[in-house]
1. I435: at pLDDT 95 or above, in contact with a Gly (Cβ under 6 Å, 6 or more places away or on another chain) and within 12 Å of I548 (Cα to Cα), yes or no?
2. Does the range 256-266 hold any residues that are surrounded by 15 or more Cβ atoms within 10 Å (Cβ to Cβ) and over 14 Å from L286 (Cα atoms), and which are they?
3. What do you reckon, is S85 hydroxyl-bearing (S, T, Y), touching a His at 6+ places or on another chain (Cβ under 7 Å) and more than 22 Å from Q301 (Cα to Cα)?
4. Return the residues of the range 511-525 that are surrounded by fewer than 22 Cβ atoms within 10 Å (Cβ to Cβ) and either in a helix (DSSP H, G or I) or of a type in the set (F, W, Y) (or both); say none if nothing qualifies.
5. Collect the residues in the range 386-402 that are within 19 Å of Q563 (Cα to Cα) and surrounded by fewer than 20 Cβ atoms within 10 Å (Cβ to Cβ), keeping them in residue-number order.
6. Here are some conditions: (1) of a type outside the set (A, V, I, L, M, F, W, C); (2) in a loop (DSSP other than H, G, I, E, B); (3) more than 25 Å from M81 (Cα to Cα); (4) touching a strand residue (DSSP E or B) at 6+ places or on another chain (Cβ under 8 Å). N306 meets all but one. Which one does it not meet?
7. Could you figure out which of (1) within 17 Å of the chain's Cα centre (by Cα); (2) free of Cβ contacts under 8 Å to residues at least 60 places away in the same chain isn't true of R239?
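The values are calculated or read from the model by the stated rules, or taken from the named source; none is laboratory data. Given the structure is predicted, the values throughout are model-derived calculations rather than measurements. Methodologically, a virtual Cβ is constructed for each residue, glycine included, from the backbone with ideal geometry; neighbour enumeration extends over all protein chains shown.
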Amino acid sequence: MDNYRLRNAILNAASRNAALVIKNANIVNVFTGTIEQGDVAIRDGIILGIGNYSGREEIDAKGAYLCPGLIDGHVHIESSMAHPSRFADCVLQQGTTTVIADPHEIANACGTDGIQYMLDQTEWLPLSVFFMIPSCVPCTSFETSGAKLVATDMEPFLSHKRVIGLGEVMDYVSVVSGDGEMLDKLKLFERRPIDGHAPLLSGDDLNAYCIAGPRTDHECSTYDEIFEKMRKGMRIHIRVGSACRGMEELVRKVADNKLPTRRMLFCTDDKHLEDIEREGHINYILRLAVANGISPIEAVQMATINAAETYGLQRYGAIAPGYRADMVLFDNLTDFNPIMVFSNGIQFKPHADTLLKRDPRIYNSVHLAPRKPGILDLAVHENMPVINLVPGELLTNLTFENVPEEDGKFVPTPELLKAAVFERHMSSGRVGVGILKGMRLANGAIASTVGHDSHNLIVVGDNDRDMLAAVDALEASSGGFVVVSQGKVLAQLPLPIAGLMSDLPLHEIIERQKQLLAAFRSIGRYADGDPFVTLSFIALPVIPCVRITDMGVFDVTEMQFVQ
């Protein structure tokens with residue numbers, strides 16, 4: 001807050017000169033853990049005080065619960081598949097007023113141009129968007145990315161007022177081994193928040209990781225992992241996105257063991273607009289947390305002040321004098337259904353979709369080499385590596401199995417699918433081919449240019465004809481998601497912004513996402529979450545146990561290719 005606004009806020013508070021008063025509210029105080037009955041006075045986007053007030057405009061809360069605006073502690077806006085303005089409209093309706101965004105998806109596709117694009121496109125939004133600069137572009141050396149960022153590339157962004165730290169440090173192998181390039185990045189951000197990403201890391205390796213600088217983690221899959229990381233000073237994100245569900249058991253154990261929650265916060269990481277519209281955003285995680293034993297006040301703290309303190313957001317995350325007037329009025333503290341949302345003291349109302357200008361540096365980013373005959377052939381030998389999806393998790397398992405073959409080449413079945421990753425940034429023609437179990441497809445294929453984190457084109461199917469038709473469709477649309485059966489496109493969502501985001505109006509994006517899911521169900525089955533989100537993570541070579549990249553099938557545990 002500059003001196004002019006600060007002086008005005010002081011004088012207006014002293015004279016009780018409120019422009020807006022929210023009256024008769026049950027106000028959640030995240031500092032004392034209590035609920036206070038009263039009015040909240042606001043002027044120029046700042047909370048002046050709590051008590052008995054009158055103002056030029058008054059809104060009667062009628063005893064509903066007024067909470068600080070919700071904060072998503074770690075999100076990739078690109079994974080909503082929508083331009084940031086469409087994403088903002090969707091999450092604000094659910095009570096989220098602030099997000100900590102990591103633009104490493106678009107950075108892996110477009111480098112620093114992608115980061116600048118996200119900064120520019122979020123400058124004018126009613127949603128507060130703060131950024132962590134991506135730490136791992138590329139994620140690892142075991143895939144082909146569209147860019148490479150080193151510390152000197154990141155340095156110019158440090159002066160931006162909404163850049164607050166270093167994004168999730170996924171390449172924990174480089175951290176623990178003391179890799180020079182990685183240490184340069186950590187040194188650059190040593191006085192700012194640094195996000196971690198260290199699934200199953202423990203013991204001495206976790207000690208070394210913490211010493212290097214990361215102080216958060218959103219990849220915990222067991223209570224013991226949460227407890228160890230908290231013991232070592234890390235803050236823990238409880239994550240519920242489109243693919244990563246299954247947090248209920250973790251939360252129940254946190255509640256049962258009375259583990260302190262003031263160093264825990266909520267995040268979605270990756271969640272599609274259709275899921276946000278249907279379920280909610282951070283308010284959905286609030287609902288799950290309370291249903292599984294976390295007290296409502298603690299849950300609200302996790303969704304607000306805990307995140308603000310983790311990321312050093314001054315004057316965010318609370319309803320108190322001098323704080324930014326980001327608030328959400330809920331009907332109750334069980335279901336967390338928003339009645340009204342206020343951002344910077346202004347009641348949020350969805351606006352008409354704006355026409356977006358196309359940036360040539362960001363559009364038209366899909367560059368595939370011509371497909372050669374037999375490009376999807378996979379030679380069979382005894383005990384072939386198979387990627388096994390784990391229900392409800394991003395984790396996978398590696399098995400070795402004898403598979404169907406003809407003339408020495410793998411023949412996929414509806415239960416044992418072929419998976420392929422096409423390098424799409426440099427037209428190299430490189431393609432990795434493997435075998436996937438845990439998703440069913442009959443006479444069809446699904447494909448996407450959203451393939452974390454290097455975002456090459458990934459396709460899965462039970463026959464080569466449909467797989468190649470899906471690749472052709474995505475090349476023609478400059479990226480996106482597609483479902484193909486018997487050579488025909490059943491549903492498609494073009495994503496021309498870096499092959500990751502759509503510039504369509506919000507309602508049309510959501511409708512196309514629904515069409516994709518319906519088309520998938522007509523040819524396939526996947527009971528554990530969103531199949532398209534799961535598809536997008538099959539190529540991420542930092543989450544155990546096995547992945548596939550444009551270079552082949554990769555064993556994350558052993559850090560080596562297996563075929």
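1. So I435 fails the test.
2. L259, R263
3. Against the criterion (hydroxyl-bearing (S, T, Y), touching a His at 6+ places or on another chain (Cβ under 7 Å) and more than 22 Å from Q301 (Cα to Cα)), S85 does not qualify.
4. Selection gives E511, R512, K514, Q515, L517, A518, A519, R521, S522.
5. Residues satisfying the conditions are N388, N397, L398, T399, F400, E401, N402.
6. Tallying (1) of a type outside the set (A, V, I, L, M, F, W, C); (2) in a loop (DSSP other than H, G, I, E, B); (3) more than 25 Å from M81 (Cα to Cα); (4) touching a strand residue (DSSP E or B) at 6+ places or on another chain (Cβ under 8 Å), N306 fails exactly one: (2).
7. So R239 meets the others, but not (2).
Matching residues to (1) touching a residue at least 24 places away in the same chain (Cβ under 8 Å); (2) part of a loop (DSSP other than H, G, I, E, B); (3) within 17 Å of I236 (Cα to Cα):
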{"residue": "A255", "(1), (2), (3)": "yes, no, yes"}
{"residue": "K258", "(1), (2), (3)": "no, yes, yes"}
{"residue": "R262", "(1), (2), (3)": "yes, yes, yes"}
{"residue": "F266", "(1), (2), (3)": "yes, no, yes"}
{"residue": "K271", "(1), (2), (3)": "yes, yes, no"}
{"residue": "D275", "(1), (2), (3)": "yes, no, no"}
{"residue": "R278", "(1), (2), (3)": "no, no, no"}
{"residue": "L286", "(1), (2), (3)": "yes, no, yes"}
{"residue": "V290", "(1), (2), (3)": "yes, no, no"}
